[in-house]
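Working notes, beginning with the structure itself.
Rule-based calculations on the coordinates, nothing more; no lab input. Here the structure is a predicted model, which is why all the values come from computation and not from measurement. Reconstructed Cβ throughout: ideal geometry from the backbone, glycine too, with neighbour counts over all protein chains shown.
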Amino acid sequence: MQRRFDDPATAEADRMHLGFALAKAMDDLKRPESLFTYLRPANQLMRKAHPYDIASRRAELEGIFATFADFTPAPAPEASDFAPVFVTGMPRSGTTLVEQIIASHSRMTGAGEAGVAVREVQKVILDAAGRYRAWSEIAGAEVAAMGRRYEAEMRRRFPEAVQVTDKSIQTHAWMGFIASALPQAKFVVVRRDPRDTALSIYRNVFAENTHLYAYDLHDLGLYFRMFEELIDFWREKLPGGFHEIQYEELVDHPEEQSRRLIAACGLPWEEACLSFHENKRRVQTLSLYQVRQPIYRSSTRAWERHAEELKDFTDALEGRHA
């Protein structure tokens with residue numbers, strides 16, 4: 001693999017995949033000093049193949065802030081009483097683990113990254129020209145109809161489910177709308193040390209044309225700042241509207257944090273939630289291996305071995321470079 005990676009005749013696409021594979025090998029061989037030797041060029045080649053402008057995310061945030069500037073939390077008239085639990089946060093922050101804990105409850109069925117709610121919200125929010133509508137322009141009937149469409153689709157996918165968990169990452173951007181459309185829904189926002197999150201994102205290859213900001217550390221830092229802006233925005237607009245759980249606290253105190261999590265979902269405690277790794281439901285994310293194991297601590301503070309290599313990320317995150 002190293003010979004192929006170093007060979008100038010190797011096609012860029014092959015060299016990119018070899019770079020990610022070699023970075024994984026360096027990690028497995030306990031050679032962290034060599035990780036970025038392969039990880040940096042692999043990400044650069046991925047970015048070259050899939051260009052991304054972080055300004056597009058900034059424009060999306062400004063549209064969201066403008067739409068919900070006059071938002072006040074209230075159930076839409078005749079809203080659905082469907083009661084999903086939405087688990088959201090940055091990729092690689094522990095959302096799959098948190099969903100697995102909730103989905104191990106006897107009432108819950110794990111839907112994974114369903115992708116339905118955001119798509120249905122955007123059908124209402126964006127007009128025919130792609131402009132963001134103001135909340136005051138959107139009729140309550142439109143909001144309620146969005147909730148009913150979501151319910152119908154989830155019941156079609158999971159006809160035997162009592163309740164579902166939905167781990168669609170972008171849900172955090174639209175929590176106010178979804179809360180109005182589905183007033184019985186619960187929201188869980190998963191937080192993790194940004195540096196560990198960034199390192200984990202940067203080490204992985206995502207599904208094609210998804211998370212394209214992930215392949216540049218500076219853009220990743222700016223994106224993470226915008227995630228924090230969205231959470232702060234909804235914390236103000238939707239007070240008490242979501243439960244926040246810190247990944248590191250969950251790892252250090254699994255039973256205490258799991259009990260709080262299940263209570264925040266409006267569910268009675270069940271011991272099966274501590275045995276989440278025995279749940280054999282289908283998992284379709286990069287975290288498949290992790291959720292088949294008991295909780296472990298080896299993924300915390302991994303960033304410390306790579307603090308210098310992550311400087312572009314931390315500078316952007318902390319606002320030292322726009």
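Listed by Cβ neighbour count within 10 Å, with the fewest neighbours leading, 317, 29 appear as 29, 317.
Determine the relative contact order of segment 52-317: mean sequence separation of Cα pairs under 8 Å and six or more apart, normalised by residue count, in whole percent.
29
Relative to its residue count, the chain spans a Cα convex hull of 145 Å³ per residue.
Its Cα centre serving as origin, segment 52-317 has a Cβ charge dipole (Lys and Arg +1, Asp and Glu -1) of approximately 680 debye. Quick note on segment 163-211: its Rg to Rh ratio, both from C-alpha atoms and Rh being the Kirkwood radius, is 1.06. Give the distance, in whole Å, between the Cα centre of segment 41-63 and the Cα centre of segment 92-127. So the two Cα centres are separated by 24 Å. Counting neighbouring Cβ atoms within 10 Å and putting the fewest first, the residues 171, 10, 210 line up as 210, 10, 171. Shown here is the pair-distance distribution of segment 167-285: with all Cα-Cα distances grouped in 5 Å bins from zero up to the longest one, the shares run 2, 9, 16, 19, 20, 18, 13, 3, 0 percent. Residue ranges 43-53, 217-227 sort as 217-227, 43-53 when ordered by packing (mean number of other C-beta atoms within 10 Å per residue, highest first). The angle separating the long axis of helix 217-237 from the principal Cα axis of greatest extent in the chain is about 20 degrees. Please determine, in degrees from 0 to 90 and to the nearest 10, the orientation of helix 35-49 with respect to the longest principal axis defined by the Cα atoms of the chain, where the helix direction is its Cα long axis. Long axis of 35-49 versus the principal axis of the chain: about 60 degrees.
Panel order for 186, 123, by other beta carbons found within 10 Å of each beta carbon, from fewest to most: 123, 186.
Which angle between 0 and 90 degrees, to the nearest 10, do you get for helix 12-28 versus the longest principal axis of the chain when only C-alpha atoms count? So the inclination is approximately 90 degrees. Given the pairs 24/311; 24/167; 48/167; 30/167; 167/311; 48/123, which are separated by over 24 angstrom at their Cα positions? From 24/311; 24/167; 48/167; 30/167; 167/311; 48/123, over 24 Å: 24/167; 48/167; 30/167; 167/311; 48/123. Picking from 176, 269, 190, whose Cα lies most toward the positive end of the charge dipole for segment 151-280 (charges on Cβ: Lys, Arg +1; Asp, Glu -1)? Result: 176, furthest along the dipole toward the positive end.
Normalise the Cα radius of gyration of segment 42-137 by 2.2 N^0.38 Å (N = residues in it) and let me know the number. It is 1.41. For the listed peptides 151-158, 260-267, a ranking on the average number of other beta carbons within 10 Å per residue, highest first, reads 260-267, 151-158.
Taken over segment 1-49, the percentage of Cα pairs per 10 Å bin, counting from 0 up to the bin with the maximum distance, is 31, 55, 14.
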